There are 4 protein chains.
Amino acid sequence: MSFNSFGHSFRFTTWGESHGPAIGVVVDGCPPGLPLAEADIQPFLDRRRPGQSRFTTQRQEPDQVEILSGTYEGVTTGTPISLLIRNLDQRSRDYAEVAASYRPGHADWAYDAKYGLRDPRGGGRSSARETACRVAAGAVARKVLGESIRISGYLVEMGGDAIDRANLDLAEVANNPFFCPDREAANRWERLLESARKAGSSLGAIVEVVADGVPAGWGAPVYMKLDSQLAAAMMGINAVKGVEIGAGFAAARLRGEENADRMRPGAEGEGPRFLSNHAGGTAGGISTGQPIVVRLALKPTSSILTPVETITRSGEATEIVTKGRHDPCVGIRAAPVAEAMMALVLADAMLMHRSQTGRG
Amino acid sequence: MSFNSFGHSFRFTTWGESHGPAIGVVVDGCPPGLPLAEADIQPFLDRRRPGQSRFTTQRQEPDQVEILSGTYEGVTTGTPISLLIRNLDQRSRDYAEVAASYRPGHADWAYDAKYGLRDPRGGGRSSARETACRVAAGAVARKVLGESIRISGYLVEMGGDAIDRANLDLAEVANNPFFCPDREAANRWERLLESARKAGSSLGAIVEVVADGVPAGWGAPVYMKLDSQLAAAMMGINAVKGVEIGAGFAAARLRGEENADRMRPGAEGEGPRFLSNHAGGTAGGISTGQPIVVRLALKPTSSILTPVETITRSGEATEIVTKGRHDPCVGIRAAPVAEAMMALVLADAMLMHRSQTGRG
Amino acid sequence: MSFNSFGHSFRFTTWGESHGPAIGVVVDGCPPGLPLAEADIQPFLDRRRPGQSRFTTQRQEPDQVEILSGTYEGVTTGTPISLLIRNLDQRSRDYAEVAASYRPGHADWAYDAKYGLRDPRGGGRSSARETACRVAAGAVARKVLGESIRISGYLVEMGGDAIDRANLDLAEVANNPFFCPDREAANRWERLLESARKAGSSLGAIVEVVADGVPAGWGAPVYMKLDSQLAAAMMGINAVKGVEIGAGFAAARLRGEENADRMRPGAEGEGPRFLSNHAGGTAGGISTGQPIVVRLALKPTSSILTPVETITRSGEATEIVTKGRHDPCVGIRAAPVAEAMMALVLADAMLMHRSQTGRG
Amino acid sequence: MSFNSFGHSFRFTTWGESHGPAIGVVVDGCPPGLPLAEADIQPFLDRRRPGQSRFTTQRQEPDQVEILSGTYEGVTTGTPISLLIRNLDQRSRDYAEVAASYRPGHADWAYDAKYGLRDPRGGGRSSARETACRVAAGAVARKVLGESIRISGYLVEMGGDAIDRANLDLAEVANNPFFCPDREAANRWERLLESARKAGSSLGAIVEVVADGVPAGWGAPVYMKLDSQLAAAMMGINAVKGVEIGAGFAAARLRGEENADRMRPGAEGEGPRFLSNHAGGTAGGISTGQPIVVRLALKPTSSILTPVETITRSGEATEIVTKGRHDPCVGIRAAPVAEAMMALVLADAMLMHRSQTGRG
């Protein structure tokens, strides 16, 4: 049923649990002849890697990727690319409490209800550790897309504190541990998050991902709309509870004449020049040549130090404190993951488009 | 590539253009032995039908459904169910202007960019007329789900004017042409929309869909999360630009201890009783037994009477007024469509769940 | 679950029962811009049509195809192509006997075992009437493939009497009602089949389909091998019990040095010239540039006038004679169906190949 | 595009090249709660393992399987099961000759034509080494099927020398290195194969696989016929050029009254008792409760010591001798692979059946 696969022409399958020996991803349908080495993938994993600041989980994982198949002499061969990341820091801990009770806001109860059992070690399959595999696959997707398509993910809001769009500077994103494109907001967020962390609490966030350079024509009606694929991709990231494209929810408050993106003749040999981008780069589910703009809302993690009411596996009332090494704002590390999902959706759309139309 | 199919175990494929002879849908994977007649489907089509008030398009379509296959003696046989809806009111009009220029906010340019050609008659395949097929398929999905699952779709906001949650009464939904569950808001919206209509403008809306009675355990990690499937389903509806589940974007502004849905022991033999439903009925992509709550944001239609700047197919600057019979608020008729998509996602999740686990 | 769909990039879905109001097929993923009218499809349906000689069922069906969607001004638009064929000669008959007892060699018992019920009218969904939809879809696939690929299907054996390969002349195929490429064999088969028909018996057959002009590189390892797709396509045709490619079962009796197809330099700018074609045009699941050669074995229909032992729905012993209008050799009309399936597999392989590699 | 995946509800994806660091398979959709350890899988790999007699390749691979995910405390959790097999004996050899010229009967030319490049080391992805992954996945499938379904694969013909059906004894299969169920034939085959091996030649074979205990009702019309899935599964095994079900090609030479499997009342509470099994256990693509019988024809490997004419990558005429460690009859090791594919198709069919019908 492909529960663990995503994509159509460009398709990947992930596997692995938080505390098993390794996690991994198999990328299928990759075009042949693309240069690909571990060094092309590692930088993206490094951006997502835990333990890099006090604002992300203190689990220490080098997240070193190994390519086990699908390349020969440094280029892709068109056969499946198997990527492996070993789990090294599965700290020996007592999972008895988590095994015995359900953590509210986590998948514990739902997994038990579905499968009749679950792997309680670090959340098992429901751990955000799985997203490392998406990032690795996303690095391959970027190779497929080539350098003319640039994908940027960053936080535009944390704990209800939004950036000032006038300050948005993508060069700032690498200068702080929050993927924040607004230097002033980054300073505020540091204090905000430090305070939440010390209080044993957690904050939500809003991530924005933009893809520039996507040609018009990718995506397809009706159930393969780019919007639909992006929504599935982003809503499937751990802790995401909302997705919007372009003006998104704000579009529901505009009037028709405000919302429509007017067109003017573009440069010679190019598509139209649009006077605005409320649509977020798609129309009828197909890219228009404008930047693709997606935002996702991430809830605050439920792994907090405040005791919360819950029940045991046998149905009795109890309380639980989710100890362990957790991110006070899981939205932060979602930025590189959302970038990867954007790349994966676009690579798939590119290959599907040329399948049907014969054009790049 | 299944561009026009949705679902996995319960799967449907739609076809047809706004101004072709007919539209239709083929439902595959339906369990055998379910009573199914046109009369089970027609009421849902009637709710979505155009021309019922001055607030929806004046196109007159009876939208009479015919079952062409898949039933015998009034029950489903397990073979594909083909449903046909004839297009009767394809008013003879001059599409020369739409064929010659691109309507901003519509899929005209994107289709041309993708396919190198397009059917300009009423938007062709990009017309919201396709959603009648979703509603027809959704009626079959409801049969699969049975009566213990109740799905309600309604508008919670129009043109920026939100309902008062304290007034929310599902019995009101059928009493006004807006699927509005708040009688006072319905009164305000009537004036609001009338004013927009007269001005040749249009309004956006927010639709909420709730499914009660869904058992815990449906949906699956990682790329088959119920959230992910719902996001794909809803974001693929015409004019939708945002989707959220449970607290959605608001969750990004809560703290961890506020957002986690605490659990107390449930009734004998049942799952937990949750003290809140910020999660919107899912955890880790799997249903928890709480109501599934989804909201979608719909942009105002770009079919307005104000002339807007655009370009011709040959790339010259021009202006266009989108004449024709359009809905001043496309969000209204999206309510029954969103209900249908909820039913379709859930029926699919139900069959997938029993496939893997052997349980209902 | 796509029980009724076939293909990946080029994909079709069929629906309809033998005695319902109509049957049909939806073709998804078709490239835009191909000229397509009913007149492009009808000739292929006419070749498969029943009632054309005393050697096929006497059911009278004009099998007139209607295009309901997916074209505009005579060319494909890239949106789903819905094709409809009405059932006109659902002769009013008494199906009480078939409803009450299981016909050996037919799907009656299996359908009941699976679904708990079945449509007994003319075999319902299990009727070979469904193959008309494959032929219609196949005509679209031929448009995708273009004229450089020629597909020929013909009988090489009937009732155990094989053609003489030395006499094989494709021009003969249209000169007899058996799709027989050997004039002498056609004469013998006429007597053979007439005798079987009069005896109320039936004969099996072997059909060969050859595709010339397929470029090297289509198909893919490992589970998308061209061989594998062709086997699935052909084995799914009603009454087929065996499929072989190239030398097929005879290859199991050759030695390695006999079986390998030696290669010599081809013409300037072309692939190799092969000295034989035991492989039937594929290697490692990928086309080699040689003709693709497939053969399928069709059992004799079980619709015969001899009474055979069976049981009733309630499990009691009885006998049944399958009256009705049946083909004494169902293999005959399988020739155009097998051609269609070859075209459908190849069109899909072509689009998948260009999806991954960017080449035609 | 799922080039490397097989199945629907129960689905697996394989990866890896003959001479890479490892090969592996990810099994998705497995029901939870099944006991599964390496010891459940290893015996099946051991049966397929090379280097066990002088009649199979002398490559020495322990083929030790490691479970990397999907189980907890010895039972499956419902999450993807990742199985890894390291390649240890990638003998350091000179692949210059194979890299420079195409081996007739191998996939060398086809891969180059498709991808523009290939991994020449041991055949890369086209190596039969990939089938170890199928066997590993097949062991998981057997767990899903349970012990009431018994699957037996054996050779019924080698180099044109068939077994005597009167001697068929499944207990003999383990007593000789040929998976031969006829002791006398095994003796003859030993001499036959020894002689071929010494001559640097190779032999073809016919493998039969039988599944007993499959309940009636699995499989589905029209493109999900059990026959169709089995044909795809078997035809995709390396070197297979023909597949038949039940009487297969011989059915084409029977008359209708001979071929139909007559039915008599079965035991109390059971389905019918069939008087023959020409159908091979299916009707209309659905299991009937009779044994499922499939045969596959394997060509003799082209890896022989006789020099054969071929061309170089640059298109010049040359000759090649395929040195290396090869099986003189690749059909032998296909028996456990074919058993695995049978198990994989049936597990998938079982889960799909209960998805649609709610029955086991």
Can you tell me the orientation of helix D:183-198 relative to chain D, as the angle in degrees between its alpha-carbon axis and the longest Cα principal axis, to the nearest 10? 20 degrees
Once the label point is set 7 Å along the Cα-to-beta-carbon vector, what list of distances in nm do you get between residue A:38 and its counterparts in the other copies? 2.3, 6.5, 6.7
Distance cut-off 27 Å, Cα to Cα: go down the list C:299/D:143; C:114/C:299; A:241/B:198; C:198/C:241; A:143/D:323 and report the pairs above it. C:299/D:143; A:241/B:198; A:143/D:323
Given label points at 7 Å from Cα along Cα→Cβ, what nm distances, shortest first, separate residue B:88 from the same residue in every other copy? 2.6, 7.2, 7.6
In region B:286-307, which residues give up 40 Å² or more of accessible area once the other protein chains are added, compared with their chain alone (1.4 Å probe)? B:286, B:300
In nm, the gap between the two label points placed 7 Å beyond Cα toward Cβ at residue A:316 and residue C:54 is 8.7 nm
Run the quick spin-label model on residue D:161 and residue B:275: label points 7 Å from Cα toward the beta carbon, then report their separation in nm to one decimal. 8.0 nm
In whole Hz, what ³J(HN,Hα) sequence does region C:2-9 give by Karplus (6.51, -1.76, 1.60; θ = phi - 60°), x for Gly and Pro? 6, 4, 10, 10, 9, x, 10, 6
Region D:281-325, relative contact order [Cα under 8 Å, separation at least 6], %: 26 percent
Could you tell me what fraction of 2.2 N^0.38 Å the Cα radius of gyration of chain A comes to, as a two-decimal ratio? 1.02
Am I reading the B/A interface right? What is its buried accessible area, both sides, 1.4 Å probe, to the nearest 100 Å²? 8500 Å²
May I ask you to give the solvent-accessible area per residue for the protein assembly as shown, in square angstrom, as obtained with a 1.4 angstrom probe? 30 Å²
So the pair-distance distribution of the protein assembly as shown, from every Cα-Cα distance in 10 Å bins, comes to percents of 2, 9, 17, 22, 21, 16, 9, 3, 1, 0
For chain D, the longest principal axis of the Cα atoms and the Cα long axis of helix D:131-145 enclose an angle in degrees, to the nearest 10, of 10 degrees
Starting from a label point 7 Å past Cα on the Cβ side, list the distances from residue D:74 to the same position in the other copies, nm, shortest first. 5.0, 5.4, 7.4
Above 15 angstrom, tally the Cα pairs of region A:71-152 and express them as a % of all pairs, no decimals. 70 percent
Estimated dipole of region D:266-338 in Debye, rounded to 20 [Cβ of Lys and Arg +1, of Asp and Glu -1, Cα centre]: 140 debye
From the C-alpha gyration tensor of region A:13-155, square roots of 5λ in Å: 31, 17, 14
Percent carbon-and-sulfur accessible area, the protein assembly as shown, ignoring ligands, DNA and RNA, probe 1.4 Å: 49 percent
To the nearest 10 Å², what's residue B:88's accessible area with a 1.4 Å probe? 110 Å²
Simple SL model, points at 7 angstrom along Cα→Cβ for residue B:268 and residue D:99; separation in nm is 7.6 nm
Expressed as an acute angle from 0 to 90° and rounded to the nearest 10, what is the orientation of the C-alpha long axis of helix A:226-235 relative to the principal long axis of chain A? 20 degrees
Over chain B: helical MRE at 222 nm, DSSP H runs n ≥ 4 each giving -39500 (n - 2.57), nearest 500: -8500 deg cm²/dmol
Starting at the first residue of region D:118-130, write each ³J(HN,Hα) from the Karplus equation 6.51 cos²θ - 1.76 cosθ + 1.60 with θ = phi - 60°, in whole Hz, x for Gly and Pro. 7, 8, x, 6, x, x, x, 6, 7, 5, 5, 4, 4
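The values are calculated or read from the model by the stated rules, or taken from the named source; none is laboratory data. If you're wondering where the values come from, they're calculated on a predicted model, not measured in any experiment. Note that each Cβ is placed from the backbone with ideal geometry, even for glycine, and that neighbours are counted across all protein chains shown. Areas reflect the complete protein model, heavy atoms only, side chains present, ligands, DNA and RNA absent. Shrake-Rupley method; radii C 1.70, N 1.55, O 1.52, S 1.80 Å.
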